[in-house]
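Comments concern the structure below.
The values are calculated or read from the model by the stated rules, or taken from the named source; none is laboratory data. Everything numeric here is computed off the predicted structure, so don't read it as measured data. Cβ sites come from the backbone with ideal geometry, for glycine too, and all protein chains shown count toward neighbours.
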Amino acid sequence: MSRLETLKLNPLLHDVPAAALEELARIVTERRLAPGDVLLSQDDQGESLHLLTEGVVRVSRVSLGSRERVMGDVYAPGVIGETAVLSRSRERSATVTALTPVSTLMLYREHFEQLLRRYPMLLWNLGRLLAERVTFLNDELIAFGMNTEAALSHVFMNLYRQRLGAGVSRPEVLPLSTQDIMLRISSSRETVSRVMRKLEEQGMVKVGAHGVTLLDPDGLERIPLEQPDAGE
């Protein structure tokens, strides 16, 4: 696939003029990473964003008290690092690590600002992506504030939809360990294990060597948010 064809797939670039894509193709810098390589580091200065063209990256953040939380995964095609580029502080808000072999096209702030001024559709696409992110975070806050089942359902269904959208083989098999889940919902191993057993007993998920398999995605979405965790 040519660079132009790759750029057309990115949600930031939907319906932008051909001239914008041709200019982008000339000015972006390709980056390749192996699994485990760090693409962006929290608190570093952010002078560029990345158009994720291949692979999967994990976004994590260390809060006060040195507690790490996994914010989620991003599958290609996607956008990484735009927050620091737009922010006056210019500091990265999270660390981004490659989970698979990853390819990105790096775009510097100066060039991005020039393109935004000339091609309004880019600004519209950026606004749409940020609005979707705010909606997702609002849903996450509601789910995480209810109970562990709701939090797990939110995490599982979001990852499932991402894998569906990325055309991943067997999207229902989520590559999550108990430790991964703990880092995503900031809960103890005991609580995660207990709720996972309950979901298995209900026939909604199956835990195996390769992660968590969703057996009943519709059932997961129907988990009553108002039901508190037993024993808590």
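Going through R184, R194 one at a time, which residue ends up being closer than 12 Å to D73 by Cα, part of a helix (DSSP H, G or I) and not assigned by TED's automatic domain parsing to the domain that holds A76? After applying the criteria, what remains is R184. If you check V59 against the conditions, is it modelled with pLDDT under 90 and surrounded by 13 or more Cβ atoms within 10 Å (Cβ to Cβ)? Answer is no for this residue. Pairing each residue of the range 190-213 that is under 16 Å from D180 (Cα atoms) with any residue that is of a type in the set (K, R) and outside any helix (DSSP H, G or I), provided the two are 6+ apart or on different chains, yields C-beta distances under 8 Å for V212/K206; T213/K206. Inclusion of R109 among residues that are surrounded by fewer than 18 Cβ atoms within 10 Å (Cβ to Cβ) and at positive phi is not warranted. Could you list, ordered by first residue, the pairs with Cβ atoms under 6 Å in which the first is in the range 144-172 and touching a residue at least 40 places away in the same chain (Cβ under 8 Å) and within 16 Å of V212 (Cβ to Cβ) and the second is of a type in the set (F, W, Y) and surrounded by 20 or more Cβ atoms within 10 Å (Cβ to Cβ), at least 6 apart or interchain? The qualifying pairs are Q162/Y75. Picking from residues in the range 189-221 that are loosely packed, with under 11 Cβ neighbours inside 10 Å and under 24 Å from the mean Cα position of the chain (by Cα), the one that is modelled with the highest pLDDT is D218.
Taking the range 3-109 and the helices (runs of 4 or more DSSP H) fully enclosed by it, the elements with 2 or more residues that are over 26 Å from T178 (Cα atoms) and more than 19 Å from the chain's Cα centre (by Cα) are at 3-8, 18-27.
The condition (being within 30 Å of R197 (Cα to Cα), in a helix (DSSP H, G or I) and without any contact (Cβ under 8 Å) to a residue 40 or more places away in the chain) is satisfied by just one residue among L141, L123, L116: L141.
Could you look through the range 117-158, keep only residues that are under 16 Å from the mean Cα position of the chain (by Cα) and β-branched (V, I, T), and pick out the one that is farthest from G219 (Cα to Cα)? So the residue we want is V134.
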